[in-house]
Amino acid sequence: MSEQTKAALDEAVAAHFADEQDGAILTGYVLQAKGQGFTEDDDSNQVRLLREFANNQDYITSLGLVDWLRLALHHNAFGDEDD
């Protein structure tokens with residue numbers, strides 16, 4: 001990813017977070033994306049994955065965000081056993 005694209009991504013994520021969270025300041029993020037390849041060779045059906053993190057983000061923050069998302073998605077999909 002080019003530095004210009006990464007800076008635009010960081011800015012967009014921070015602006016979106018502030019919009020959604022009443023002006024809160026973004027302190028970290030993890031972006032995971034999935035796409036489809038469109039080349040003319042044999043990998044045109046290959047799944048493409050992308051992972052980006054906030055600049056200078058420590059591994060503890062990244063792992064915490066990913067784990068929180070995993071738990072939230074699991075809860076949304078299956079609910080808690082205590083419900």
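Every read-out reported here was derived from the displayed coordinates using simple, explicitly stated rules and does not represent laboratory data. Remember, predicted model here, so these are calculated numbers, not experimental data. We place every Cβ from the backbone using ideal geometry, glycine too, and count neighbours over all the protein chains shown.
Over the chain, dividing the summed -39,500 (n - 2.57) contributions of all DSSP H runs of at least 4 residues by the number of residues returns a 222 nm mean residue ellipticity of -15500 deg cm²/dmol.
How large is the charge dipole for segment 3-78, taken about the Cα centre, if only the Cβ atoms of Lys, Arg (+1) and Asp, Glu (-1) carry charge, to the nearest 20 debye? Don't skip to the answer; put the middle values down first.
Values: 5 positive and 13 negative charges, 60 e Å.
So the magnitude is around 280 debye.
Distances over 22 Å make up what percent of all Cα-Cα pairs in the chain? Write down the numbers at each step before the final one.
Values: 1538 of 3403 pairs.
Tail of P(r) above 22 Å: 45 percent of Cα pairs.
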